[in-house]
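The values are calculated or read from the model by the stated rules, or taken from the named source; none is laboratory data. Treat the numbers as computed from the prediction; the structure is a model and nothing was measured. Heads up, the Cβs are rebuilt from the backbone with ideal geometry, glycines too, and the neighbour counts pull from every protein chain shown.
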Amino acid sequence: MKRRIRKSVAQQIVETVKDVSGHDVNFIDQNGIIFASTDPERVGTFHEIGWQVIKTGQTIEVETDGSFFGTQKGVNLPFSYQGEVIAAIGITGVPNEVRKFAYLAQRITSLILREQELDEQSSNEKAQLNYIIRSLINGEPVNYDYYMDFIHKFQLDTEAGFRTVVVRTNSRHDPANLSLIESGIYQAFDQIGAKLYMFSYPNEYILLLEAVRYEKWEYVFRQLSRRYQGILTIGVGNSDALTRQNQSYQAAEIALSSLTGGQNLAVFDQLDLEILLGTIPADAKRRFLEKTFSTLSEKDQTVLKAYFGCNMSLKAASNELFMHKNTLQYQLDRIWKNSGYNPRSFRDAVILYLGLKL
């Protein structure tokens, strides 16, 4: 049976629910396979209880880890759509503590699928626009009549290059101010005359913009990023054909994942090493950092940033850090002793530099 819940949507849901609950969440398909999870290592594995939930249509709660194959203690709910159980939602933890969060995930999924159904069935302009944009960025087949009507309605040049711009709000930010932030985002879109945009649950605003228009109005996005520093991030994809905006969307996501420190705007074209780093799975990043950075303090990282930022010049770095050259040498030796990587050795320095980037 064809899965009606997109993997990308399911992944957004589980991450959002984990932000609220602090517990891992899984989506299990009709074959009992986990297809979206906050624990990357569980994706693609068999979940026995989830499979039973789908077969029986009944909620199953598990009190202890390992009592069933591929299952941890928690609550597992069936998810029905148009009278058919199409997935199971599982949340890990003590059942009495996590039950309400499982119902939350179930409710969010119902709302999103209903929204998608309305998008695809409704003939109004906004629903059509959402359907077209979502199809383009996901690389999905588009209804030809809808697409041609879309091209003519917005008078688009199909030969021109377009960029996908993703504006993502911080899901941990005070929700009381989200309407004000959303208003600021839409004001920026209106200022540049953009018409091809949509909101993607739970926290992304997606804009398709002619590449030449982006070049002209780039300062508006920089102003927006500065205005909401720490509240939102902006990723700008590469220029590509309108029908290849799934590539630009993926580039925008890589740009977002490259952001570090206080940065909150990244343009794919301006990245180099970050393109590779942005494609590394989160679990691999975590393992790498555990191996290289687990013994280093924030002070150590500050020293390394200055040292590498000054092209490994002791004199320049010591001036930037306002410390004596001998003190800096002592700090670098201490980093070597604690981490096992010598910042003054080329190979070890590359490893530490990558750690900083990650």
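In the range 146-169, the qualifying residues are those that are in a loop (DSSP other than H, G, I, E, B) and crowded, with 16+ Cβ neighbours inside 10 Å, and the one that is modelled with the lowest pLDDT is Leu156. Taken together, the residues in the range 224-243 that are on the phi < 0 side of the Ramachandran plot and surrounded by fewer than 15 Cβ atoms within 10 Å (Cβ to Cβ) amount to 5. Might you check whether a residue that is β-branched (Val, Ile, Thr), modelled with pLDDT of 90 or more and closer than 18 Å to Arg107 by Cβ occurs anywhere in the range 76-90? Yes, the conditions are met somewhere in the range 76-90.
In the range 120-129, the residue that is farthest from Glu84 (Cα to Cα) out of those that are at pLDDT 75 or above and surrounded by 13 or more Cβ atoms within 10 Å (Cβ to Cβ) is Leu129. Return yes or no: is Leu196 surrounded by fewer than 18 Cβ atoms within 10 Å (Cβ to Cβ) and farther than 30 Å from Val20 by Cα? No.
Just one residue in the set Glu290, Glu253 is out of contact with any Lys or Arg (no Cβ under 9 Å at 6 or more places or on another chain), closer than 30 Å to Ala105 by Cβ and buried (at least 16 other Cβ atoms within 10 Å of the Cβ); that residue is Glu253.
Summed over the range 1-60, residues that are over 21 Å from the mean Cα position of the chain (by Cα), among the β-branched types (Val, Ile, Thr) and over 23 Å from Gln82 (Cβ atoms) total 2. Within the range 305-326, residues that are assigned by TED's automatic domain parsing to the domain that holds Arg344 have Cβ atoms under 6 Å from residues that are in a helix (DSSP H, G or I) and aromatic (Phe, Trp, Tyr) in these pairs: Phe308/Tyr353; Ala317/Tyr307, counting only partners at least 6 apart in sequence or on another chain.
Considering each residue of the range 99-119 in turn, at least one proves to be modelled with pLDDT under 90 and in contact with a His (Cβ under 8 Å, 6 or more places away or on another chain).
Scan the range 317-344 for residues that are under 36 Å from the mean Cα position of the chain (by Cα) and not in a loop (DSSP other than H, G, I, E, B) and jot them down.
Ala317, Glu320, Leu321, Gln331, Leu332, Arg334, Ile335, Trp336, Lys337, Asn338, Ser339
The lone criterion from (1) over 25 Å from Asn170 (Cβ atoms); (2) crowded, with 20+ Cβ neighbours inside 10 Å left unmet by Ile13 is number (1).
Can you give me the number of residues within the range 302-319 that are surrounded by 15 or more Cβ atoms within 10 Å (Cβ to Cβ) and over 14 Å from Ala349 (Cβ atoms)?
1
Of all residues in the range 189-203, those satisfying the criterion of being in contact with a Lys or Arg (Cβ under 9 Å, 6 or more places away or on another chain) and on the phi < 0 side of the Ramachandran plot are Phe189, Ile192, Ala194, Met198, Ser200, Asn203.
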